[in-house]
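First comes the structure, then the notes that go with it.
The values are calculated or read from the model by the stated rules, or taken from the named source; none is laboratory data. Since the model is a prediction, treat every value here as computed from it, not as a measurement. All Cβ positions, even for glycine, are placed from backbone atoms using ideal geometry, and neighbour counts span all protein chains on display.
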Amino acid sequence: MSDFLEFAINKSPIRLTLDDIARWAGEFSHWDFYNSAALEIAKGYHRGELSYTFCDGVINDLWSGVQKGFGPDKNEMPEPFFEVYEAFDAGEYYRKPDKSDDPVAEFTDPAIAELATRFTL
């Protein structure tokens, strides 16, 4: 487990701040940091070591850092960070009005499983 992920776990349930992200990323446009962190989070979730709520929160916090990193020379999405972000984001929203569906099981879990296969997590 990376030092960053240990830090995030120890800080939980308090969310990561932009100062925390800058400390670990070095700069907001350090896409390699976001990609590595996202794959590690996906791996922990896929293995049942990290909860959906924790992972979704950390990925959302990191997304704030990614947005700060956009600029004239940096406007592409970091990949696979964005795929991991979208996988957890998909679990946030019920699709049925009565909320009888399980968006995490229906959308997040299969997307993370596919990433785990593709990246050998």
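Kindly indicate whether Leu115 is crowded, with 18+ Cβ neighbours inside 10 Å and either among the polar types (S, T, N, Q) or touching a residue at least 60 places away in the same chain (Cβ under 8 Å) (or both). In short, yes.
All conditions but one from (1) crowded, with 17+ Cβ neighbours inside 10 Å; (2) in a loop (DSSP other than H, G, I, E, B); (3) in contact with an Asp or Glu (Cβ under 8 Å, 6 or more places away or on another chain) apply to Glu92; the one that does not is (1). Scoring Thr117 on the criteria (1) closer than 17 Å to Gly48 by Cα; (2) in a loop (DSSP other than H, G, I, E, B); (3) modelled with pLDDT of 95 or more leaves a single failure, condition (2). Inspection of segment 99-112 identifies at least one residue that is within 16 Å of Leu5 (Cβ to Cβ), buried (at least 17 other Cβ atoms within 10 Å of the Cβ), of a type outside the set (Phe, Trp, Tyr) and at pLDDT 95 or above. Applying the set (1) within 15 Å of the chain's Cα centre (by Cα); (2) basic (Lys, Arg); (3) farther than 21 Å from Leu115 by Cβ to Lys43 leaves exactly one unmet item: (3). All of (1) in a loop (DSSP other than H, G, I, E, B); (2) under 16 Å from the mean Cα position of the chain (by Cα); (3) among the aromatic types (Phe, Trp, Tyr) hold for Tyr85 with one exception: (1). Based on what the data block shows, is Val66 without any contact (Cβ under 8 Å) to a residue 40 or more places away in the chain, buried (at least 19 other Cβ atoms within 10 Å of the Cβ) and under 21 Å from Pro78 (Cα atoms)? Against the criterion (without any contact (Cβ under 8 Å) to a residue 40 or more places away in the chain, buried (at least 19 other Cβ atoms within 10 Å of the Cβ) and under 21 Å from Pro78 (Cα atoms)), Val66 qualifies.
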